1. What is the residue count in the range 22-55 for residues that are outside any helix (DSSP H, G or I), of a type in the set (Ser, Thr, Tyr) and surrounded by fewer than 14 Cβ atoms within 10 Å (Cβ to Cβ)?
2. Within the set of pairs 6 or more residues apart or between chains, which connect a residue that is modelled with pLDDT of 95 or more inside the range 4-25 to a residue that is aromatic (Phe, Trp, Tyr) with Cβ atoms less than 7 Å apart?
3. Answer yes if at least one residue in the range 56-70 is part of a helix (DSSP H, G or I), of a type outside the set (Lys, Arg) and in contact with a Ser or Thr (Cβ under 7 Å, 6 or more places away or on another chain), and no otherwise.
4. Every residue in the range 1-21 that is assigned to a helix (DSSP H, G or I), closer than 19 Å to GLU65 by Cβ and open to solvent by 70 Å² or more (accessible area, probe 1.4 Å), please.
5. Can you spot a residue in the range 77-86 that is modelled with pLDDT of 95 or more, of a type in the set (Ser, Thr, Tyr) and farther than 13 Å from ASP2 by Cβ?
6. Kindly evaluate ALA82 against the criterion of being in contact (Cβ under 8 Å) with a residue 60 or more places away in the chain and part of a helix (DSSP H, G or I).
Amino acid sequence: MDQETIIDRVSTKVKLIRVEKNYTQDQMATVLGISKKSLVQIEKRRNNANWTTTVALCALFRDSEVIQQTVGYDVLTILETAAHKEN
């Protein structure tokens, strides 16, 4: 799986991940280091998350059932492989 595919898949699930973990938009934005406005744009599918935000989301919430079903159960290895493929 390449970076673009991971970004696309995870970006479509951001709201589900946030709700699964019982975070408000403000809390999730703070944890991810992005503005609430950016988070809303991602959740409404107006924009995709960037690679850095996608990696942070997957790493910080790697125990999320939504992430595991979206990316795979060995989330960190999948991210690492995708990151090295691009270089």
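1. 2
2. If the second residue must be aromatic (Phe, Trp, Tyr), the pairs left are ILE7/TRP51; ILE17/PHE61; LYS21/PHE61.
3. No: the range 56-70 contains no residue that is part of a helix (DSSP H, G or I), of a type outside the set (Lys, Arg) and in contact with a Ser or Thr (Cβ under 7 Å, 6 or more places away or on another chain).
4. ARG9, LYS15, LEU16, VAL19, GLU20
5. So far as the range 77-86 goes, no, none of its residues is modelled with pLDDT of 95 or more, of a type in the set (Ser, Thr, Tyr) and farther than 13 Å from ASP2 by Cβ.
6. Considered against the rule, which asks whether it is in contact (Cβ under 8 Å) with a residue 60 or more places away in the chain and part of a helix (DSSP H, G or I), ALA82 comes out as yes.
The values are calculated or read from the model by the stated rules, or taken from the named source; none is laboratory data. The shown structure was predicted, so the numbers you read here are calculated from the model rather than taken from an experiment. Note: ideal-geometry Cβ built from the backbone for every residue, glycine included; neighbour counts use all protein chains shown. Accessible surface is based on the protein model in full, side chains and every heavy atom, while ligands, DNA and RNA are left aside. Shrake-Rupley method; radii C 1.70, N 1.55, O 1.52, S 1.80 Å.
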